[in-house]
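One structure is given below, encoded as structure tokens.
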Amino acid sequence: MDACLKVCCLALTTISAAFVPFAAPAEQYPAKPIRLVVTFAPGGAADTTARVVGGGLSSALGKQVVVDNRPGAGGNIGAEIVAKALPDGYTLLLSGTAHAIAAGMHDKLSYDLSRDLVAISQLTTTPLVVTVHPSVAAKSAKELVVLAKARPGHLTFSSAGTGSGLHLAGVLFCEMAGMTMTHVPFKGGVLGLIAVMGGDVTVGFSAVTAALPHVRSGKLRAVGVTGAQRSAVIPELPTISESGLRDMKPHCGTESMPRAARPDRSSRACTSSWRSCWGAPRSRTDSRRLISNQSATRPNSTTPIFEAKS
């Protein structure tokens, strides 16, 4: 496995976050609505998390949190928007693992993850699921590997964009299984799933939360889930490790960050509100239905994760 893939595989196991550039404000924070940028298309795991958390954050802060979907370039378009925003704490970024991966994949980015964006709080983590169109002659991860090896490069797999966590999950899957599939990137995991449901792409890698309704409806067939244990939301589905790929354990997730040398009152207010809304009964019920795990950490506690992967 080459150095780039090693970096990216490490990044896949981290949880990503909301990021925001900050400067200490003169006014009481918040004094106006907050923009929460999501770097992938509506309907996916990141978007769902943003809307669950955004509603709770609006109630906790007393100001509206507006979700703004800015997909493209594996999440880098949205990250650049937030990195270049005014450092006043009113533009947040709900990020996935893509931003940790980007720092290891690209020699030049228009933003510096560790300089321009700083973690506020870790939020969620969810395993990934491998799905296929129902017409594909594979009912398990093991059968999918056999099929792919019989026709090298013929099978295709979708992702949320080049350099996204889903892309690298597909690369890792192929690398570990000793097979080849052709990557087809989209501007969000949901768009990739739609392509799999339409039969345009053979295999899909996505968060369990995004794929589950389509698996339940019969539009997709799930063949395996990542992680050391089966997912609580689909316990009947075996892990990929059970099919013989012992170290196939990437997850995706969300966190939150500010641009500041130290946490100021804006970042502390955000962190306190993340904790408050994430601990509320409604948010916990929604998140358990949609997300495998959730947490809220102290300001800046996640920053070393991203620096280590860059």
Positions within region 56-78 being touching a Lys or Arg at 6+ places or on another chain (Cβ under 8 Å) and touching a residue at least 60 places away in the same chain (Cβ under 8 Å), in sequence order: GLY56, PRO71, GLY72
Of all residues making up region 147-176, the number that are at pLDDT below 95 and part of a helix (DSSP H, G or I): 12
Pair list, Cβ < 8 Å and 6+ apart or interchain, from region 127-152 residues that are in the same structural domain as ALA195 (by TED's automatic domain parsing) and surrounded by fewer than 18 Cβ atoms within 10 Å (Cβ to Cβ) to residues that are of a type in the set (Ser, Thr, Tyr) and not in a helix (DSSP H, G or I): PRO152/THR180
Any strands (runs of 3 or more DSSP E) falling wholly within region 1-72 and containing at least 1 residues that are at pLDDT 75 or above, surrounded by 24 or more Cβ atoms within 10 Å (Cβ to Cβ) and under 15 Å from the mean Cα position of the chain (by Cα): 34-38
Sole residue being more than 21 Å from ALA50 (Cα to Cα) and either among the aromatic types (Phe, Trp, Tyr) or buried (at least 23 other Cβ atoms within 10 Å of the Cβ) (or both), chosen from ALA222, ALA228, ALA160, ALA210: ALA222
Residue within region 107-129 that is among the charged types (D, E, K, R), over 16 Å from LEU220 (Cβ atoms), in contact with a Lys or Arg (Cβ under 7 Å, 6 or more places away or on another chain) and in a helix (DSSP H, G or I) present: yes
Filter result for ALA85 (of a type in the set (Gly, Ala, Ser), closer than 30 Å to TYR29 by Cα and out of contact with any helix residue (DSSP H, G or I) (no Cβ under 9 Å at 6 or more places or on another chain)): yes
Some residue of region 175-189 being closer than 22 Å to THR124 by Cα and of a type in the set (A, V, I, L, M): no
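The values are calculated or read from the model by the stated rules, or taken from the named source; none is laboratory data. Just so it is clear, the structure is predicted and the values come from calculations on it, not from any experiment. Every residue, glycine among them, receives a Cβ derived from its backbone with ideal geometry; neighbour counts consider all protein chains shown.
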